[in-house]
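The values are calculated or read from the model by the stated rules, or taken from the named source; none is laboratory data. What you see is a predicted model, and the numbers here were worked out from it, not measured in a lab. In this analysis, Cβ positions are derived from the backbone assuming ideal geometry, glycine residues included, and neighbour counts consider all displayed protein chains. SASA here: full protein model, heavy atoms, side chains in, ligands and nucleic acids out. Shrake-Rupley method; radii C 1.70, N 1.55, O 1.52, S 1.80 Å.
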Amino acid sequence: MGFTIPEPYAWDESFRVDYDSLDHEHQNLFKAIFDCAAAPGDGGKLAALVDVTSGHFSNEEGMMSSAGYGDYAAHKKMHDEFLGKIKGLSAPINDDTVKFAKNWLVTHIKATDHKYKGKL
């Protein structure tokens, strides 16, 4: 299932999950990926992406766990796999990696995160 990657790469209302804290964190993820794309040789931007991603996943998983969300284990596995991939990167980041990260986030929010709307 493919979703259009917005250009410029930025969060918009179609990504809303209706939890203000998570929507704000998703906006920060978009910005962190955008920043990596704009400065592929900047290791600091990559480190910021890892930090923002790790913090967001931790918060989102905490909300899922507290709510007894049924798809928690599968959702966490997706998070762990993505985080493992970006932690293994080093600057400079190539165009294929940026495209992968952009596509992953768009698809993950719209196909996976939207499933927890109203359940956390």
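For region 70-93, which residues satisfy the criterion of being within 12 Å of Val50 (Cα to Cα) and aromatic (Phe, Trp, Tyr)?
Matches in region 70-93: Phe82 only.
Just to check your reading of the model, which residue among Asp18, Asp35 is modelled with pLDDT of 95 or more and either touching a strand residue (DSSP E or B) at 6+ places or on another chain (Cβ under 9 Å) or in a loop (DSSP other than H, G, I, E, B) (or both)?
Being modelled with pLDDT of 95 or more and either touching a strand residue (DSSP E or B) at 6+ places or on another chain (Cβ under 9 Å) or in a loop (DSSP other than H, G, I, E, B) (or both) holds for just one of Asp18, Asp35, which is Asp18.
Output the number of residues of region 72-94 satisfying the condition of being out of contact with any Gly (no Cβ under 9 Å at 6 or more places or on another chain) and either assigned to a loop (DSSP other than H, G, I, E, B) or touching a residue at least 24 places away in the same chain (Cβ under 8 Å) (or both).
9
Only one of these is of a type outside the set (Val, Ile, Thr) and touching a Phe, Trp or Tyr at 6+ places or on another chain (Cβ under 8 Å): Ala73, Ala32, Ala37, Ala47. Name it.
Unique residue meeting the criteria: Ala37.
Pick from Ala91, Ala67: which is at pLDDT 95 or above and of a type in the set (A, V, I, L, M)?
Exactly one of Ala91, Ala67 is at pLDDT 95 or above and of a type in the set (A, V, I, L, M), namely Ala67.
Consider region 5-15. How many of its residues are in a helix (DSSP H, G or I) and crowded, with 18+ Cβ neighbours inside 10 Å?
Total satisfying the criteria: 1.
Restricting to region 40-70, name every residue that is in a helix (DSSP H, G or I) and of a type in the set (Ser, Thr, Tyr).
Thr53, Ser54, Ser58, Ser65, Ser66
Give Gly118, Gly84 a once-over and let me know the one that is at pLDDT 95 or above and within 29 Å of Gly43 (Cβ to Cβ).
Going through Gly118, Gly84 in turn, just one is at pLDDT 95 or above and within 29 Å of Gly43 (Cβ to Cβ): Gly84.
Could you please tell me which pairs satisfy a Cβ distance under 7 Å, a separation of 6+ or placement on different chains, a first residue in region 31-46 that is open to solvent by 50 Å² or more (accessible area, probe 1.4 Å), and a second residue that is outside any loop (DSSP other than H, G, I, E, B) and of a type in the set (D, E, K, R)?
Short answer, once both residue conditions are applied: Lys45/Asp35.
With the checklist (1) under 17 Å from Glu61 (Cβ atoms); (2) of a type in the set (Val, Ile, Thr); (3) in contact with a Leu (Cβ under 7 Å, 6 or more places away or on another chain) in hand, flag the one item Thr112 doesn't pass.
The one condition Thr112 does not meet is (3).
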